[in-house]
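Presented below is the structure to which this report refers.
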Amino acid sequence: MLSTITRYTFGTLFSLLLNLIKYPFSKTSRTKLSSAFFALKYPFYGNHHVELRELLTDDQLEVTVLPLKANEHNTTEFELLTICSILKDRGVQHVFEIGTYDGRTTRAMAINTGKDGKVYTLNLPPDTRESKLQTGHIDIELASKVVSGERFSSTPEETKIEQLWGDSAIFDFAPYYGTIDLVFIDGAHSEDYVANDTQKALQLLKKTAGYILWHDAHLYGVADYMKKIVFQQKAPIYFIKGTSVAFAKVENGQFIESKK
Ligand SMILES: C[S@@+](CC[C@H](N)C(=O)[O-])C[C@H]1O[C@@H](n2cnc3c(N)ncnc32)[C@H](O)[C@@H]1O
């Protein structure tokens with residue numbers, strides 16, 4: 001995968017230079033300049049950088065994205081559509097979210113599960129002062145910035161949602177092992193936490209098949225963790241264009257190469 005990305009980046013730069021020499025001020029040159037800048041800045045460029053449509057199977061897919069409008073620290077509007085689409089396309093029933101915040105994504109995910117759907121969502125308790133593993137202070141401060149889950153509270157979806165409290169490094173996930181279809185990782189953003197949360201996600205998922213979505217995949221410690229598992233361990237993870245969301249399919253506790 002590294003060589004594909006390297007080829008892609010150098011190919012983009014070569015094509016940029018060629019265009020700059022031939023037509024220095026053309027629109028093509030400017031477009032290529034911006035792609036070259038993106039290729040250098042974004043670590044996950046290449047054949048695993050995919051459009052959302054490449055991950056969807058159902059041509060007639062209908063998705064409800066509610067509540068659409070994002071607040072600070074939420075997923076963006078297109079990211080919410082992305083998450084809900086993948087979940088609905090796969091017929092996901094049981095979701096585990098790490099990092100509830102105000103509960104906007106929690107609610108949207110609950111809406112897109114079936115009638116027996118369930119979303120478990122874990123957050124640090126609001127009185128948290130320190131975390132078990134090292135992370136940025138913002139991760140802890142967010143626990144009391146809003147009322148956790150306020151955007152699903154008193155909505156029709158509340159009955160499908162179970163709010164859990166704890167630090168993902170020490171929370172007892174065991175009762176949920178092997179029962180979950182999709183894990184959404186958006187808790188603490190340090191490399192240590194994302195490594196911990198990913199290991200827990202692999203155990204949470206049903207042995208037959210399951211999916212992990214990471215938010216902020218190309219940012220902070222999440223990106224450091226991603227670089228390690230993608231480039232060193234060759235984990236087949238897809239990065240969805242126009243979002244910070246990464247996607248992986250898991251079977252028997254292992255990542256498998258599949259967009260479906
Ligand atoms: C960026 S917000 C989540 C946003 C939310 N998923 C959304 O889509 O709107 C991160 C949340 O994770 C919580 N958090 C941070 N560290 C955590 C940890 N170690 N365990 C559980 N939750 C954590 C924070 O308190 C915060 O509410």
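Computed values, structure above
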{"read-out": "By average C-beta atoms within 10 angstrom, highest first, the peptides 22-28, 189-195, 239-245, 96-102", "value": "96-102, 189-195, 239-245, 22-28"}
{"read-out": "Cα-based equivalent ellipsoid, the stretch 1-66: semi-axes from gyration tensor eigenvalues, Å", "value": "31, 16, 10"}
{"read-out": "Which of F78, G149, H137, positive extreme of dipole for the stretch 54-256 (C-beta unit charges)", "value": "F78"}
{"read-out": "Additional length obtainable on full extension of the chain from N47 to T6, 0.36 nm per residue less Cα span", "value": "13.7 nm"}
{"read-out": "The stretch 54-256: C-alpha gyration tensor shape, a/c 1.5 cut-off, then a/b vs b/c", "value": "rounded"}
{"read-out": "At R0 = 30 Å, FRET efficiency that the Cβ-Cβ distance of Q203 and D224 yields, to 0.05", "value": "0.85"}
{"read-out": "The chain, dipole about Cα centre (Lys/Arg Cβ +1, Asp/Glu Cβ -1), debye to the nearest 20", "value": "1200 debye"}
{"read-out": "Dipole of the chain, positive direction: furthest Cα of L124, L87, S34, with charges on the beta-carbon", "value": "S34"}
{"read-out": "Estimated FRET transfer efficiency (S144, A169; beta-carbon r; R0 25 Å; 0.05)", "value": "0.85"}
{"read-out": "Mean separation of Cα contacts under 8 Å, 6 or more apart, over the residue count of the chain: relative contact order %", "value": "18 percent"}
{"read-out": "Computed helical MRE - 222 nm, the chain, DSSP H runs ≥ 4 contributing -39500 (n - 2.57), nearest 500", "value": "-10500 deg cm²/dmol"}
{"read-out": "Antiparallel DSSP beta bridges within the chain, as percent of all bridges there, nearest 5", "value": "30 percent"}
{"read-out": "Cleavage-rule hits, trypsin sites (Lys or Arg not before Pro), the stretch 91-172, DSSP coil, Cβ neighbours within 10 Å at most 13", "value": "K115, R129"}
{"read-out": "For the stretch 57-129: rounded, prolate or oblate by the Cα gyration tensor [a/c cutoff 1.5]", "value": "oblate"}
{"read-out": "Cβ-placed point charges (K, R +1; D, E -1), dipole of the stretch 1-105 about Cα centre in debye, nearest 20", "value": "780 debye"}
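A short reminder: the numbers here are calculations on the coordinates, not readings from a lab. Since the structure is predicted, the reported quantities are computational estimates derived from the model, not experimental observations. All Cβ positions, even for glycine, are placed from backbone atoms using ideal geometry, and neighbour counts span all protein chains on display.
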